[in-house]
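Scroll down for the structure; my scribbles are underneath it.
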Amino acid sequence: MCGILCLVTGSDCSDSFLRGIISSAGNGGLLQRRGPDYQGYMETSLDSTWKVLSYSTVLHMRGELCKQPVCNSTSGGILLWNGEVFGGIQVPDLANDTEVLISLLDGCKDDEQILSVFKQIQGPYAFVYIKKNRRELWFGRDVFGRRSLTFLLNPDSKDLYLSSVALSQIIELNSGGQWKELAAAGIYKLVVGENGYKIDCFPWKHNTITPNEELRSSIVHDSLLELPNFHSLNLTIPSTDDLILLPDSVDIDKVLTFTATNLQQECEKFLEKLKLAVYRRVGGHSYVCDKCRIDSNCAMSHISVMFSGGIDSMMLAYLADQCVPKNQPIDLLNVAFETGSGGSYDVPDRVTGRLALTELATDRVWNFVEIDVTKEELQRYRKERVSELIWPLNSVLDDSIGCAMWFASRGRGSIVSADGSKILYTSTSRVVLSGLGADEQLGGYSRHRSSFQQNGFDGLLAEIDLDVSRISARNLGRDDRVVSDHGKEARFPFLDEEFVSFLNSLPIEKKMDLRLPRGVGEKLLLRACATKCGLHSTARLAKRAIQFGSRIAKCENRKEKGSDVCDRLHHVQGHKT
């Protein structure tokens, strides 16, 4: 993983221009915190007028450390890579995927070959690739938008900035420009010509995102980028014969046991695909912890899970236990915000987290990290750190989820020892698993139930289709920015390409049945799998969003809607509404 900062400029700016920005974004700033292991700078010309200034920071995760920006001395190709190749392209164990990619890209002779490389990649990424001999700069995000890339376009000079995080100091130098998240609409190609540059967009087939307004004057090619062997969402409306006969009264245990038996093949395939997705993200590589970095056999935690005790995080913890060596502890990160005048932290997620812990295997050390956040600490770090990471997003929901994930992924709290005393503890893991993506695909949101109640399966399928196709535009860029601020990498097994394709292939009635009550019908297939795995208490829990389960939404006693603009984020320079 890395932090990316790139400037395409036709202005007569000196080498010290971007270095001035780097001195604040690097040197302990937003970009260096993303990549504490190395930082590098490079400048290259595309023609006599336009040049590219590039800066990158590196979080070393696998293989030998690959310094970035990485340059091919023969072809002159330059790559800034913030991603992980989990499949699709062969990366040998202990090899570095950045080096594999620069070799593949520099061997490409035309657009089709370059695009073929990116559509084959299974895994999250954002990148900038400079092909100097063709006066081109390629950039983009994966189809699900799992890595952040923001941009700012100066309306006068046409200078284009690309960055993993929105940097307020650049606003001061670009009157009229504003940072925006780059839409994960496809792969973009900037080509320098006699009259400046133009930007082409090669769109993804599997989402409905359109390029940002500033880039809409570009050519959007009709030929769609299609992931290999990827199923589109099954939109078949179930017939009466496809649906199970509902009993007069719902016994949750009987329904889940029946479903696990009735959908035995689907459950087995679900667990097989999800376990593979987890393994790709936690096993089979030389991942190291944040302390040792050079010894992957140390006994400290390499892996952590955002852990509310809900069914999504519980299933990830259960499967991670099967993929991580038993001598390595796994950290379960459970965040709670201060409630009431007495400073209580017994919030719903803390209660369910402790309960879920009793269902996990006993032959492993599980560090249940109780991360307690006071109101004063929330307000301090929101102002000092989190606001600029959430930017350019600015809603109340972005504030709540962004702050909760920042404190959780920081991993600073306490664990309970064998004698019941609390011991201060900070997670050393560099990989943080998140259950994001399960609700969108398996009917976990209240709007899915509302659509079903109003318009039946037609309405439900339309809502699921919308959620899956627009997931890159919702919150993944924000989550990447807040987690990476601690020198950690968020990984999303439920958004593994093969797993998403498998879920897309299933008929809707085999994934959810919203005729059943809340806590049963949504994510029915996942609940049946949890029951099959012996996670009976977890399988019965209803969906609870992190902002409610952690009680951050009540910490400051504010009455506001999640979609409202959050006035607590306005102090960020250039953050206009």
Cross-link list LYS189/LYS510; LYS326/LYS532; LYS254/LYS326; LYS375/LYS561: which exceed 29 angstrom alpha carbon to alpha carbon?
LYS189/LYS510; LYS254/LYS326
Where Lys and Arg each count +1 and Asp and Glu each count -1, what net charge lies around ALA277 among other residues with Cβ under 11 Å from its Cβ?
+1
Give me the accessible area per residue for the chain, probe 1.4 Å, as a whole number in Å².
39 Å²
Kindly rank 353-364, 140-151, 439-450 from highest to lowest mean number of other beta carbons found within 10 Å of each residue.
140-151, 439-450, 353-364
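When N is the residue count of segment 359-414, what does its C-alpha Rg come to as a fraction of 2.2 N^0.38 Å?
It is 1.41.
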Alpha carbon centre of segment 54-70 versus segment 508-542: separation in Å?
42 Å
Lys, Arg +1 and Asp, Glu -1 on Cβ, resulting dipole of segment 124-250 about Cα centre, debye, nearest 20:
700 debye
FRET efficiency (ASP564, SER73; Cβ distance; R0 35 Å; to 0.05) is 0.10
Using a Förster distance of 22 angstrom, determine the FRET efficiency expected from the C-beta separation of TYR38 and LEU94, and round it to 0.05.
0.75
Sites THR261 and LYS198 - FRET efficiency at Förster radius 60 Å, r taken between beta-carbons, to 0.05
0.55
When all protein chains stay in place, what accessible area (Å², nearest 10, 1.4 Å probe) is found for CYS6?
0 Å²
Whole Å is fine, so just give me how far the alpha carbon centre of segment 323-351 lies from that of segment 435-493.
23 Å
Mean separation of Cα contacts under 8 Å (6+ apart) over length of the chain, as relative contact order %
15 percent
Over the Cα atoms of segment 353-456, what is the Rg over Rh ratio if Rh follows Kirkwood?
1.06
Once you list every other residue whose beta carbon is under 11 Å from the beta carbon of ASP349, what net charge do they have if Lys and Arg are +1 and Asp and Glu are -1?
+2
What nm value, rounded to one decimal, do you get for the distance between GLN178 and SER116 when each label is placed 7 Å out toward the C-beta?
4.2 nm
Output the 0 to 90 degree angle, nearest 10, between the alpha-carbon long axis of helix 97-106 and the longest principal axis computed from the alpha carbons of the chain.
50 degrees
Would you mind calculating the relative contact order of segment 304-372 from Cα pairs under 8 angstrom and at least 6 residues apart, reporting the percent as a whole number?
43 percent
Counting Lys +1, Arg +1, Asp -1, Glu -1, what net charge surrounds ALA530 among other residues with beta carbon under 11 Å of its beta carbon?
+2
Once you charge only the Cβ atoms, +1 for Lys and Arg and -1 for Asp and Glu, what is the size of the charge dipole of the chain about its Cα centre, to the nearest 20 debye?
860 debye
When you take every Cα atom in segment 83-123, what is the radius of gyration, and what is Dmax, the widest Cα pair distance, in Å?
10.0, 30
Nearest 20 debye, what's the magnitude of the dipole of segment 317-361 about its Cα centre given +1 on Lys and Arg Cβ and -1 on Asp and Glu Cβ?
100 debye
I'd like the orientation of helix 446-469 relative to the chain: the angle between its Cα long axis and the longest Cα principal axis, in ° from 0 to 90, rounded to 10.
30 degrees
Taking only the alpha-carbon positions of the chain as identical scatterers, the Debye log10 I(q)/I(0) at q = 0.12 Å⁻¹ comes out as -1.23
I'd like the accessible area for GLU112, computed on protein heavy atoms only with a 1.4 Å probe and all protein chains in place. Round to 10 Å², please.
140 Å²
Here Rg/Rh (Cα, Kirkwood) for segment 77-211 equals 0.97
Given the protein chains as shown and a 1.4 Å probe, how many square angstrom of VAL416 are accessible, to the nearest 10?
80 Å²
Toward the positive end of the charge dipole of the chain, about the Cα centre and with charges on Cβ (Lys, Arg +1; Asp, Glu -1), which of ILE4, VAL500, LEU225 goes farthest?
ILE4
Considering only GLY521, LEU243, ILE311, whose Cα is most displaced toward the positive end of the charge dipole of the chain, charges sitting on Cβ of Lys, Arg (+1) and Asp, Glu (-1)?
ILE311
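The values are calculated or read from the model by the stated rules, or taken from the named source; none is laboratory data. Quantities reported herein were computed from a predicted structural model and do not represent experimental measurements. Every residue, glycine among them, receives a Cβ derived from its backbone with ideal geometry; neighbour counts consider all protein chains shown. With ligands, DNA and RNA removed, areas are computed over all heavy atoms of the protein, side chains included. Shrake-Rupley method; radii C 1.70, N 1.55, O 1.52, S 1.80 Å.
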